[in-house]
């Protein structure tokens, strides 16, 4: 295999610029066709110091779900790509996304911020950058990023609600609760805010608080099926079963048996 690669490399070198361009184009074609592993194989004949080849290696590794290898290929290549070029923009973007996927959240943020300058409004980028901010406890920047992406004022109640919903996805409930409370300060009748706070209280076992919040949500938004469902869930956890009517109790005059039935067969009214 190494002998074949050496022969191919020598052939590319002998072919000059045309052979190099052909190899790069073939690698790009394979990446676009969803064949990143084949692209990486095609790029092995090009020298490691070739910035264009390094870019494509990084992109191919990213699409092959190899974020660490993508970082290793792209980080040294970025300074060697022309400032402002499409190639450098692509390298910075993929470097930011790869860093995020590799769990290097703080390292990802500067690259994602650079990408936002020329990709303003891209929803996928806004989502990832916002998540990176929130995971590094930069809630204000996260809210601002998501608000701009969805076209709402960053200081509005809607922006706080939006940020809270994103934070719930990231399982950052404490941060989400703070956003929801601020949203309700700005707009006490904002739909869904009490529901989300109620769900947070319910999952933490604060049942009385959850019930009160679900009831408040239903006062604001009577048709919210999820609020009804969660309220029923909270009642069930409190073991608040419906109380039999007085007429039913008087007619039966009995207590439940161990089988869960009363000694009276009359139906409740």
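Some observations on this one:
- Taking segment 68-86 as the range and being on the phi < 0 side of the Ramachandran plot and either surrounded by fewer than 17 Cβ atoms within 10 Å (Cβ to Cβ) or in a loop (DSSP other than H, G, I, E, B) (or both) as the test, the residues that pass are 68, 72, 75, 76, 77, 79, 80, 81, 82, 83, 85, 86.
- Restricting 228, 214 to those that are in a helix (DSSP H, G or I), more than 30 Å from residue 155 (Cβ to Cβ) and either under 29 Å from the mean Cα position of the chain (by Cα) or modelled with pLDDT of 95 or more (or both) reduces the list to 228.
- Residue 269 vs. criteria more than 22 Å from residue 146 (Cβ to Cβ), at pLDDT below 95, surrounded by 14 or more Cβ atoms within 10 Å (Cβ to Cβ) and in contact with a helix residue (DSSP H, G or I) (Cβ under 7 Å, 6 or more places away or on another chain): no
- The numbered conditions (1) in contact with a helix residue (DSSP H, G or I) (Cβ under 8 Å, 6 or more places away or on another chain); (2) modelled with pLDDT of 95 or more are all true for residue 66 except (1).
- Number of residues in segment 121-152 that are more than 17 Å from residue 180 (Cβ to Cβ) and either surrounded by 15 or more Cβ atoms within 10 Å (Cβ to Cβ) or free of Cβ contacts under 8 Å to residues at least 12 places away in the same chain (or both) equals 18.
- The listed residue being under 20 Å from residue 82 (Cβ atoms), in contact with a helix residue (DSSP H, G or I) (Cβ under 8 Å, 6 or more places away or on another chain), free of Cβ contacts under 8 Å to residues at least 60 places away in the same chain and surrounded by fewer than 21 Cβ atoms within 10 Å (Cβ to Cβ), out of 57, 44, 20: 20
- Cross-chain or 6+ apart pairs with Cβ under 8 Å, segment 72-90 first and closer than 15 Å to residue 111 by Cβ, then part of a loop (DSSP other than H, G, I, E, B): 87/81; 88/81; 88/82
- Scope segment 161-181; condition buried (at least 20 other Cβ atoms within 10 Å of the Cβ) and either free of Cβ contacts under 8 Å to residues at least 24 places away in the same chain or at positive phi (or both); matching residues: 162, 180
- Any hit, segment 184-191, residues being crowded, with 16+ Cβ neighbours inside 10 Å, in contact with a helix residue (DSSP H, G or I) (Cβ under 9 Å, 6 or more places away or on another chain), at pLDDT below 95 and not in a helix (DSSP H, G or I): no
The values are calculated or read from the model by the stated rules, or taken from the named source; none is laboratory data. Being a predicted model, the structure only gives us computed values, none of them experimental. As a convention, Cβ positions derive from the backbone with ideal geometry for all residues, glycine included, and neighbour counts pool all protein chains shown.
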